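Read through the structure below, which is laid out as structure tokens, and then see the notes.
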Amino acid sequence: MTEQSAPAPTPAGTPASGRITGIGRLLVVVYAILALGATGRSVFQLATKFDEAPVAYSLSAVAAVVYIVATVALVLSRRGAARLAWITIGFELAGVLVVGLWSVLDPALFAHPTVWSYFGVGYLFIPLVLPVLGLMWLAGQRKRERTAA
């Protein structure tokens, strides 16, 4: 019978490479889907209809970049990845709230929808709920890492 060695410790503040399980894995999948959808949509809008709604389509491109960075930050286990995830997802939540409110107050500016307009109504409000869940999951990860240390 062979002995199993204990997993190597990770540097302080760096999550173990197997951290993406359960809800975390679901978050990564949803972020990846939104990254693909928002990127495809914004590239098409910017390339074919930019002059119709430059603010709305530029904001869609910003959302796409945020989803890409958030997905990568959640997957990485390198030092600083968790901090990048906190920053990106926090920015995402602020963006959804600001753009959502802005689209309600000035609907003419958002005659063409963005990912975040009207708080993500075109995406079943997933853009509004996802960063809240993401930040809650990151807080839980941070607590588990501190408890384990």
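Given that just one value was derived from the coordinates, which of (1) 19.3, 59; (2) 20.5, 61; (3) 18.1, 71 is Rg and Dmax of the Cα atoms in Å?
Recomputing Rg and Dmax of the Cα atoms in Å here gives the entry labelled (3).
What's the ranking of 43-53, 92-102 by average number of surrounding C-beta atoms within 10 Å, highest first?
Ranked from most to least packed, the peptides come out as 92-102, 43-53.
If packing is taken as the mean number of other Cβ atoms within 10 Å per residue, what is the order of 141-147, 85-91, highest first?
Those peptides, ordered most packed to least, come out 85-91, 141-147.
At what distance in nm do the modelled label points of D51 and V65 sit from each other, each positioned 7 Å from its Cα along Cα→Cβ?
It works out to 2.5 nm between the two label points.
Stretched out fully, how many nm does the piece from D106 to I126 gain, at 0.36 nm a residue minus the Cα gap?
5.0 nm
V98 label point, 7 Å along Cα→Cβ, cut-off 19 Å on backbone N: hits in segment 32-56?
Taking a point 7 Å out along Cα→Cβ of V98, the residues of segment 32-56 whose backbone N falls under 19 Å are 54-56.
The numbers here are math on the coordinates, done by the rules we state, and not lab data. The structure presented is a predicted model; accordingly, all values stated were derived computationally and were not measured. Every residue, glycine among them, receives a Cβ derived from its backbone with ideal geometry; neighbour counts consider all protein chains shown.
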